[in-house]
Structures are given as structure tokens and as C-alpha cells.
Amino acid sequence: MILNLPTLKGFTPRRSETTAWSDHAPFGYDLVAELQPRLLVELGAHTGQSYFTFCQSVSENGTDTLCYAVDTWKGDQHAGFYPESVYRDVKAHNQELYGGFSYLLRMTFDEARAQFSEESIGLLHIDGYHTYEAVRHDYDNWLPRVRPDGIVLLHDVAARHPGYGVWRLWEEIARPGCSFMFDQGSGLGVVKKSPDTRFTSEFLNRLFAADERERKMIMNYYALVCDRIRLHRMIGARNDRRRIRRLIKNRIVAPLRGVARVFGLVPKSDP
């Protein structure tokens with residue numbers, strides 16, 4: 001089956017900052033487009049890179065999704081404490097580009113939980129305080145709010161920094177056929193709530209059923225997409241655009257298409 005992922009057609013993040021979530025932005029963009037959740041909630045938005053990646057996908061792929069970012073925008077001992085200007089920047093960006101479907105809830109995660117009904121959230125991203133006790137509480141507290149056919153994302157599942165415990169939770173909930181882990185950077189865990197869920201997206205079905213070979217293929221694909229994004233950013237910083245475009249074609253586009261063909265993402269006759 002031919003899978004036409006949005007990132008194959010080109011994806012440039014509107015937020016160009018480099019954070020621990022940068023390596024996962026292309027997957028986050030595709031995930032929203034493929035899952036098409038009616039309701040998306042992020043716990044822990046900080047500067048908004050992951051959240052605005054989701055919002056950009058909603059906007060550009062027309063998924064009819066309501067989005068909510070929950071954060072106090074004060075920081076914590078892991079993310080650091082940050083000034084009021086961080087929230088003002090996030091608020092301004094949200095109002096300018098996504099005000100029609102995106103809402104910022106400036107409150108604690110526990111306070112926000114009451115605003116969502118049981119089994120209503122299609123995609124939940126948890127990226128709050130990273131101790132085991134905190135993330136275990138967030139996961140247990142919010143999982144009943146996720147639809148039976150919903151997906152939960154956990155950031156920093158590979159991080160073993162002092163005080164971090166997301167990796168422990170991941171080891172407890174990851175199950176064959178129900179979970180997928182991106183180990184780039186600090187890691188991103190993807191888990192579906194119900195093991196019986198079959199998605200309308202063939203890509204998501206194959207993601208959760210991937211063997212080791214397909215897992216590496218998926219990882220390589222998104223690594224190449226990230227490389228393509230980095231090189232595209234270079235175009236705006238240099239005058240020799242023709243040379244850089246040639247570099248992108250030879251070193252990124254060609255290998256990217258090769259990986260996509262092997263994985264069945266584009267027709268073999270595609271030029």
C-alpha cells in the first residue's frame with residue numbers, strides 16, 4: 001500500500017528553535033495528520049515547539065482538531081524557571097496563527113483535568129515534570145480522559161539524567177504491538193491506549209506492528225527528514241542557494257526517497 005505521508009511532500013517548522021523536541025517534530029507533524037484527532041491536549045508546552053508542530057499540522061492538513069496546551073509557564077527544576085516573556089511569546093504566536101482552534105490553559109495539570117470529559121482526547125502528549133512519581137501521576141490521572149482508540153506520547157523516555165524517571169514508566173507500559181519508541185535525543189514514546197485498536201491510517205498500524213527492520217527504517221526516514229529541514233534552513237542563511245539546493249538533492253532527497261521506496265512510502269516509479 002502506498003503511504004503518502006505529509007513530510008514526504010515537504011515540511012518546514014514555523015518555529016525554528018532547537019530544543020530537545022526538534023528530532024521528533026516531523027513525526028509529530030505526520031502523527032496529527034494520520035490520526036486526525038478531534039481533541040489534542042499537551043501537558044507541558046514550555047516554548048511551544050512540540051505543541052505548535054501539532055497545530056501547524058492541523059492548520060496545513062485540515063484535520064478539524066481542537067488543541068489545548070496546559071502549562072503554568074513558570075518552569076520547574078528540570079526545565080528551569082523562565083520569565084514571563086516566554087508565555088507572552090507563546091501566546092502571541094498562538095493568537096497570530098492558530099487562534100481559531102488552539103487554546104492555552106495557564107494552570108496546573110490537575111486543575112485542567114476537570115475541563116475534559118472521560119474518553120474525549122484523541123492525542124495526549126505528556127511532557128511535564130520528569131520524576132517517576134510526577135509522570136506516573138500525570139499518566140494515571142489523564143489516561144481515563146483518552147479515547148479507547150487514542151494515542152499517548154511521552155517525551156524523554158530515553159533520558160537517564162539524575163531525577164528523571166520517565167524511562168521507568170515507559171518500561172512499565174511499553175508493550176509489543178501497542179508501543180513504539182524513537183530513541184533519538186532524549187527519546188519519544190508512542191503508545192496506543194487499547195491493544196485492539198486498528199487505525200484508518202495504514203502507517204499507524206504498521207508503526208505499532210513494526211519489527212526491528214521496519215523500526216530502523218522508520219527511524220532512518222525521520223532522521224533524514226530532520227537533515228533536510230536543517231539544510232533548508234541553511235538556504236536562508238547563505239547566498240549560494242543553487243549550490244545548497246544541489247547539496248540537499250544529492251545528500252538528502254535521494255537517500256530519503258530510497259528509504260521511502262524500501263519502506264513502501266512512495267511508488268517505485270516516482271522520479
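The values are calculated or read from the model by the stated rules, or taken from the named source; none is laboratory data. The structure presented is a predicted model; accordingly, all values stated were derived computationally and were not measured. No Cβ is skipped: glycine too gets one built from the backbone with ideal geometry, and neighbour counts run over all protein chains shown.
Take the conditions among the polar types (S, T, N, Q), at negative phi and at pLDDT 90 or above and apply them to residue 269. Does it pass?
no
Please determine whether any residue of the range 157-166 is among the aromatic types (Phe, Trp, Tyr) and out of contact with any His (no Cβ under 9 Å at 6 or more places or on another chain).
no
Exactly one condition in (1) assigned to a helix (DSSP H, G or I); (2) over 28 Å from residue 204 (Cα atoms); (3) touching a residue at least 40 places away in the same chain (Cβ under 8 Å) is not met by residue 142; state its number.
(2)
Restricting to the range 202-252, name every residue that is aliphatic (A, V, I, L, M), at pLDDT below 85 and touching a helix residue (DSSP H, G or I) at 6+ places or on another chain (Cβ under 7 Å).
Scanning the range 202-252 gives 231, 234, 235, 244, 247, 248, 252.
Quick check, is residue 29 touching a strand residue (DSSP E or B) at 6+ places or on another chain (Cβ under 7 Å) and either modelled with pLDDT of 95 or more or assigned by TED's automatic domain parsing to the domain that holds residue 95 (or both)?
Considered against the rule, which asks whether it is touching a strand residue (DSSP E or B) at 6+ places or on another chain (Cβ under 7 Å) and either modelled with pLDDT of 95 or more or assigned by TED's automatic domain parsing to the domain that holds residue 95 (or both), residue 29 comes out as no.
Given the residues 169, 154, 204, which is the only one that is in contact with a Leu (Cβ under 8 Å, 6 or more places away or on another chain), in a helix (DSSP H, G or I) and free of Cβ contacts under 8 Å to residues at least 60 places away in the same chain?
So the residue among 169, 154, 204 that is in contact with a Leu (Cβ under 8 Å, 6 or more places away or on another chain), in a helix (DSSP H, G or I) and free of Cβ contacts under 8 Å to residues at least 60 places away in the same chain is 169.
Only one of (1) at pLDDT 95 or above; (2) surrounded by 15 or more Cβ atoms within 10 Å (Cβ to Cβ); (3) hydroxyl-bearing (Ser, Thr, Tyr); (4) within 27 Å of residue 168 (Cβ to Cβ) fails for residue 108. Which number is that?
So the condition that residue 108 fails would be (2).
Among 100, 128, which is the only one that is without any contact (Cβ under 8 Å) to a residue 24 or more places away in the chain, part of a loop (DSSP other than H, G, I, E, B) and among the small types (Gly, Ala, Ser)?
When all the criteria are applied, what remains is 100.
Here is a check on your reading of the model: is residue 45 in a loop (DSSP other than H, G, I, E, B) and small (Gly, Ala, Ser)?
For residue 45, the condition - in a loop (DSSP other than H, G, I, E, B) and small (Gly, Ala, Ser) - is met.
Across the range 45-67, what is the number of residues that are modelled with pLDDT of 95 or more and either on the phi > 0 side of the Ramachandran plot or surrounded by fewer than 20 Cβ atoms within 10 Å (Cβ to Cβ) (or both)?
Count: 6.
Please work out if residue 34 is surrounded by 20 or more Cβ atoms within 10 Å (Cβ to Cβ), of a type in the set (Asp, Glu) and outside the structural domain of residue 223 (by TED's automatic domain parsing).
yes
How many residues are buried (at least 24 other Cβ atoms within 10 Å of the Cβ) and either of a type in the set (S, T, N, Q) or touching an Asp or Glu at 6+ places or on another chain (Cβ under 7 Å) (or both) when one looks only at the range 21-31?
Number of matching residues: 0.
Going by the structure shown, is residue 90 assigned to a helix (DSSP H, G or I), among the β-branched types (Val, Ile, Thr), in contact with a Gly (Cβ under 8 Å, 6 or more places away or on another chain) and under 18 Å from residue 155 (Cβ atoms)?
In short, yes.
Could you tell me which residue of the range 68-98 is surrounded by the most Cβ atoms within 10 Å (Cβ to Cβ), considering only residues that are polar (S, T, N, Q) and within 29 Å of residue 6 (Cα to Cα)?
Restricting to residues being polar (S, T, N, Q) and within 29 Å of residue 6 (Cα to Cα), the top hit is 94.
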